[in-house]
Each structure stands twice: as structure tokens, then as C-alpha cells.
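One structure is given below, encoded as C-alpha cells.
The values are calculated or read from the model by the stated rules, or taken from the named source; none is laboratory data. Because the structure is predicted, anything quoted here is derived from the model rather than measured. Please note: Cβ atoms are built from the backbone with ideal geometry, for glycine as well, and neighbour counts cover all protein chains shown.
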Amino acid sequence: MPTSFPSERGTFRLSMLLNDKRYRSYTFQAFALFVLICVVAYLGKNLVENLAAAGLNISYGFLGEASGYDINQRLIEYSSQSSHLRAAFVGILNTLLVAFLGCITATILGITAGILRLSNNWIVAKLMSIYVEIFRNVPVLIWILIINAIFLAVLPQPRAFKGENPEASMLWDMFAFTGRGIYAPKPLFLEGSMVVIGAFILSILAIFALRRYARHKLYSEGRLINTLWPSLALFFIPTVIIFYASGSPIGLEYPELKGFNFKGGIYARGGLISLWFALSIYTGAFIAEVVRAGILSVNEGQTEAAAALGLRTNLVMNLVVLPQALRVIVPPLISFYLNITKNSSLALAVGYMDITATLGGITLNQTGRAIEAILLLMLFYLIISLGISAIMNIYNRSIMLKER
């Protein structure tokens, strides 16, 4: 008969922290955390002692002082008499703006180029291959400088729009493309405009609900519902009706040439456009390769089965291939979004005032608070990076295969 041993699962001894594999990993992690805390505490203590010996101390009181410098591109009100803290907020918003625009544009370029690289058209496939190989093998800073130089050389200066026979003209009398930047109409929100904005948001939500319903019908009943024209109708018709029914509460402020420059409207500085395009095109080349790899990871039998059911090529790509390829595409895509956000710190090369140029540049030089400014910069980029990672990881988990 087999010998039975008493179970000791319910008892705990200190030796189990090393001998029992259930607790050994926690022991090593706790020890590593303790060592890390000791190292950080030692470095912090050393920093404070050295600062005290030099007659310095860590203080963030400089954030309340007047900045004394102007910022050429801003999303909120700011003047040279505003505080350094306000200047830092302006830089943060400028960084978030170029990061958001870059992520959206790079994704569109990357998906398009990645799909076209697998095209049966030899010319299209080779052109996309040339785009990928050229842009991803040259440093992004060089592309920023090249695009900015082209921007300044090709587009006319504002004075070219002036005179009886101007050398340049505005597009539809609304947009002015100049070497200093792009000027566009600015929306003016009057009383009652929130109703129109609310109707527009509800229209967007209705489009998502319609597409979700169509996808459910396709997967559950095999019924294909056309969502293109209903989506366009939902996008325009309700908002337009409420806009005119409310008395046109949203107007436009057009840019006008006054003196030697345009006034009014929305101004996008040339540095912003150059940085945005360079980051988008550069990162889009990397995303294209990931998209191509994700599509190739889907078994060809999936495509053949979808084609045998009579689905068109675009539906096979949108409904069969891409949903499965996303599981391969999304994880590295997170890193590319983080790279766009961090590479935006190169903005100073084209005169675009982001958080690195404001807080880590002019503010640091004026106040001499290098440690405080660098710590704030590190904290900002850490929070943004962790935020992007968290959002993308939530999306990544939502598209993962649900195993039984």
C-alpha cells in the first residue's frame, strides 16, 4: 500500500520563502524592490547633500515667476508676462498636439502603405517598398530639416499675397499657404452652438452604433448591410438641420492680410507642419512593415474561404484579414506611438515651442533650475508614455482571442 504523508499546505515556515517555488519568486521580487529603494534613497540623499554644500536647494517657486519670453505657437492665451508654469502648460499642449496629429497620420499612412506593399500591381508594390526603405533608414531629424527647408523654399511669403497683381492667392479665399505657416478659418461659437455640437456628437455615436449593428448581423446571420451612405447621411443631415434651425450659431473668422502678415483665423506655424509631416512619414514607414507582417501572418486559407463565399476584396481585408492581423500589429504599434511622442522633443530644430523648448530650454536657462526642470520633464514624458501604453493595452486585450 502506498505510504501517505501528512499535508502541510496549511502551515507556513520561513524556510519556504526560498525552498517553496510558490513563494520564491515573491522573495526575489521583494529583495529587488528593497535594493532599488535603497539605491534611489542613497542617490537622493547624495543629491540633497551636494546641493546644500553648494548653497542650493530644490524649489519650484520659479514656476510662479513671470516668464519674460514669447511663444510663437500656442493653443491657450499666453504673453511674456505669464508665469513659467503657464509657459510649461503651453509647451505641454503643443507637444500633445503634434503627438496626436502624428499618431493619427502615421497610422493612416502605415496601414495604407502596408496593404499596398502586398498589392498585385508591381509598380504600386515597388513604390511602397521604396517609400519604406528610404524613410525608415534615414534619421528622423534629417527628415524634419528637409521638410522644413522645402516648406520655406516652395511656399511664398505673406507679402506675395499683397498688391494689385499678387504673386500668390488664397485657396477659396479661406486658406493661405505661406512660408511662415498655414492660415485657416477659425470657428466662432455663439449662443446656441452647444446644441449643434451635441447633435454632431450624437451623430458620431449613431454611426458607431450602426456599424456595430451591421457587424453583428453579418457575423450572426450572414447578412451584409451597406453602412456607407447611411453613415454619410447621419454625419451631415442631422447636424445641418439643427445648425440652420438654431439660427446658424457657429460662424467662421477668416484670415486677412493686414500689413505684412495675416491676422485672424487659425495659424499653424511652419515648424508644426514640418514636425508633424516628418514624424508621420518616418513612423508610417515602420508601421507599414508591421502591418505587412500582420497581414502575412493570417493563413491564406482564411482569404480563400472568404473569397469563396463571394466577399469582395475590400470586405475580405476589412472583415477577415485585418481583424486577425491586429493581434500582431497592435503590440509594436504601442512602441511607435511612444516614439512619436518622444521624438517630438526634436521640435526645437525647426523653432516649434514644445515642452522641451519651453520648460527644458528657455525656462531652465533663465532660472538656472536645471534639476527641477529636468525632473518635471521626466515626469511629464513618463505620465504620457504610461497613459498611451495603458490605453493601447486596453484595446489590445479587447481584440485578443478569447480562449475557453
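Within the range 347-364, the set of residues being in a loop (DSSP other than H, G, I, E, B) and surrounded by fewer than 24 Cβ atoms within 10 Å (Cβ to Cβ) comprises just one member, Gly351. Of the strands (runs of 3 or more DSSP E) lying entirely inside the range 118-191, those carrying at least 2 residues that are among the aliphatic types (A, V, I, L, M) are 181-184. Residues that are of a type in the set (S, T, N, Q) and either outside the structural domain of Thr178 (by TED's automatic domain parsing) or in a helix (DSSP H, G or I) (or both) within the range 268-310 comprise Ser274, Ser280, Thr283, Gln302, Thr303, listed in sequence order. In the set (1) surrounded by fewer than 19 Cβ atoms within 10 Å (Cβ to Cβ); (2) within 17 Å of Gly102 (Cβ to Cβ), Asn343 fails one condition alone, (1). For the range 238-259, state whether one or more residues are in the same structural domain as Ala149 (by TED's automatic domain parsing), without any contact (Cβ under 8 Å) to a residue 60 or more places away in the chain and in a helix (DSSP H, G or I). No: the range 238-259 contains no residue that is in the same structural domain as Ala149 (by TED's automatic domain parsing), without any contact (Cβ under 8 Å) to a residue 60 or more places away in the chain and in a helix (DSSP H, G or I). Select from the range 63-115 the residues that are buried (at least 18 other Cβ atoms within 10 Å of the Cβ), more than 23 Å from the chain's Cα centre (by Cα) and assigned to a helix (DSSP H, G or I) and list them in ascending order. The answer is Leu63, His84.
Scan the range 226-248 residue by residue and report those that are more than 28 Å from the chain's Cα centre (by Cα) and of a type outside the set (Val, Ile, Thr). Answer for the range 226-248, where residues must be more than 28 Å from the chain's Cα centre (by Cα) and of a type outside the set (Val, Ile, Thr): Asn226, Trp229, Pro230, Ala233, Pro238, Phe243, Tyr244, Ala245, Ser246, Gly247, Ser248. Taken as a whole, the condition of being over 18 Å from Ile273 (Cβ atoms) and in the same structural domain as Leu322 (by TED's automatic domain parsing) does not apply to Ala106.
In the range 190-205, the qualifying residues are those that are at pLDDT below 85 and not small (Gly, Ala, Ser), and the one that is surrounded by the fewest Cβ atoms within 10 Å (Cβ to Cβ) is Glu191.
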